[in-house]
Each structure stands twice: as C-alpha cells, then as structure tokens.
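The values are calculated or read from the model by the stated rules, or taken from the named source; none is laboratory data. Quick caveat: nothing in here was measured; it's all calculated off a predicted structure. FYI the Cβ positions are ideal-geometry reconstructions off the backbone, even for glycines, and counts take in every protein chain you see. Each accessible area value is taken on the protein alone, full model and side chains, heavy atoms only, with ligands, DNA and RNA left out. Shrake-Rupley method; radii C 1.70, N 1.55, O 1.52, S 1.80 Å.
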Amino acid sequence: MQTHRQAPAPLIEPPVATAADECRLLRIVARIEAPHVWDSTAARLLDCARRRWQGRPDIADHPALRRWSQIQDSQQRPEQPCLRTLFAAFASGSLVGGDPCADLAAAIMLLSSCPAEAVQQADPNSDRRTVRFSVYAYREDDLPLAEDLITTTVQACGTVLARRCTIMRPPARSTAPLVDHPTPDLLVLGSLGSTAAR
C-alpha cells in the first residue's frame, strides 16, 4: 500500500499577484522646511527631465505615453493628471517652469512616465509648506523611480510626514487598438517607425 506525504507548507507565503488592470496610487505628504532648496531642487529636476527628451524625434512613440493616452481616452472623467497634455506642452515648447509643485510633478512625469501631481496645502499651524504628492502607476510603469524622485527631493529640504500606496480599480481599459487612439499631431515629431524611449 502506497502512502502520499503532504508537501510541507511554505514558511513564507508567495506575494499575491497584482492584476494588470489595477492602478496603484501612491500618496506622499511632506513638510518643506527649506523653501529655497525646494524651489531650486524642483527647477533642477525639471531641467534634467527636459534634457532627457530634448531633440527626441520619437516622443509620440513612447510606450507609456501611448498606453496612458489610451487609458485616459477610455475614461469619461480621467482622475489622473494627463501625460499626453504634459508631453504636448513639452513638444510645443510651452512647458514653463517657476512653480516648484508644478515643476516637480512635470519632472516626475517626464522621467518616470507616471502621471503625478504635487499640490501645496495650507497649514494654519505653521509657516512651512505642506505638499501632497499623488502618483498613478500600472504594473508597466516605473513607480519606484517616481517615489525616489519625491523622497530624495524632500530629504534635501524637508520631511516626509506620511506615505500610502493603495490599489485603485479604474474603469475597464478599452480593447480598441492603439491606432484608434492617435496621439495629437503636436507630438508626432518623427517617423512612426522610430524607437520608443526607455
């Protein structure tokens, strides 16, 4: 008579796989204690992001831009900041700096390709600035880079007060091919066969 031995239970449970249609929302709240460092750091990061894309003929082929354009086109009221609008402003030369919150959000979007926003919040108990960051990312997006950009910037001029990452379940993605959702003519700077940015 043959007996079957049960396999021992694993000591550490494997992580639960995230579904492809789940969008992660990272929120970070930070207190800015050195406003001049905050201003200059945000401006430098935006300059770095501009240099990354300067003279690139293949912006319209960028996979994250195409993917997020399709996602946001399929939503009647997109909640996330729009990558397409930002890249269009960059391509047309109308992306201007000067507001550290807008500059840092633009830098995060251009460098990590995650829709992001940074909003200054009123803090009646302090003359220091409090900023709330929101970053949206699917599995294909570089959320760790976006988070590193925020935390490194904040460490130079302030303190992270809170961090939370949640899973959102937005409306179902459209199954229409990308060719049905073309990027604006403003972004079509080069041939469609060019290599996408990485």
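Data for the structure
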item	result
Virtual spin-label span in nm between Arg163 and Gln121, 7 Å along Cα→Cβ	1.7
Heavy atoms of Cys165: accessible area, 1.4 Å probe, square angstrom to 10	60
Packing-based order for 107-117, 52-62, 131-141, 37-47, using average beta carbon neighbours within 10 Å, highest first	107-117, 131-141, 37-47, 52-62
Exposure of Leu149 as accessible area (Å², to 10), given a probe of 1.4 Å and all protein chains	30
